Amino acid sequence: APAHLKKELNSVLSLQGQTEAIDYAIHSFQLLSNLQQMQEEFKEWSEALYSSLNVHDSFPKLVGVDLEFVWTLLMVRDLKMNICKWAIGSFLEWDKLDQAAGGQEQNL
């Protein structure tokens, strides 16, 4: 009887392990489902916020352009402005150095 009981207990423990694995899978699926729902909500919110910015009113040529592309354009524009500021500052430094050496016509 003890060997038979041991075999049955092993079967019960195996079934409990499988049940726990199924519960974990169901829980994971529910979490995934919840994350997908949250993603959809965030997407709707971001689209509503983007449309409230009225980018298309200010820039009619951007109608139908993807949000990420508009963001990239703005980042490139900011980068261009920073490079221009840096270049102008660099040119002004060269002018100051030329004047310190005795004028713009003379080299250091």
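So what is the 222 nm mean residue ellipticity for the chain from helices alone, if each DSSP H run of at least 4 adds -39500 (n - 2.57) and you divide by all residues, rounding to the nearest 500 deg cm²/dmol?
On the way: 3 runs with 89 residues, N = 108.
So the calculated ellipticity at 222 nm is -29500 deg cm²/dmol.
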Compute the helix-to-body angle for 67-100: its Cα long axis versus the longest principal axis of the chain, expressed 0 to 90° and rounded to tens.
40
Taking every alpha carbon pair in the chain, what does the distance histogram look like in 5 angstrom bins from 0, in percent?
2, 9, 7, 8, 7, 7, 7, 6, 6, 6, 6, 5, 5, 4, 4, 3, 2, 2, 1, 1, 1, 0, 0
In degrees between 0 and 90, to the nearest 10, how far off the longest principal axis of the chain does helix 2-52 point, with axes built from Cα atoms?
30
How far apart, in nanometres, would the label points at Ser51 and Lys80 be if each is projected 7 angstrom from Cα along the Cα-to-Cβ direction?
3.0
Using r as the Cβ-Cβ distance of Trp94 and Thr72, and R0 as 35 Å, what FRET efficiency do you calculate, to the nearest 0.05?
0.60
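With only Lys, Arg, Asp and Glu charged, each at its Cβ (+1 for the first two, -1 for the last two), find how big the charge dipole of the chain is about the Cα centre; round to the nearest 20 debye. Don't skip to the end; give the middle numbers.
On the way: 8 positive and 15 negative charges, 64 e Å.
For this selection, approximately 300 debye.
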Considering the dipole of the chain built from charges on the beta carbon (Lys and Arg +1, Asp and Glu -1) around the Cα centre, which of Val63, Leu97, Trp45 is farthest to its positive end?
Trp45
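FYI, it's all coordinate maths here, none of it is from the lab. All of these numbers come straight from a predicted model, not from anything done at the bench. Backbone-built Cβ (ideal geometry, glycine too); neighbour counts: all protein chains shown.
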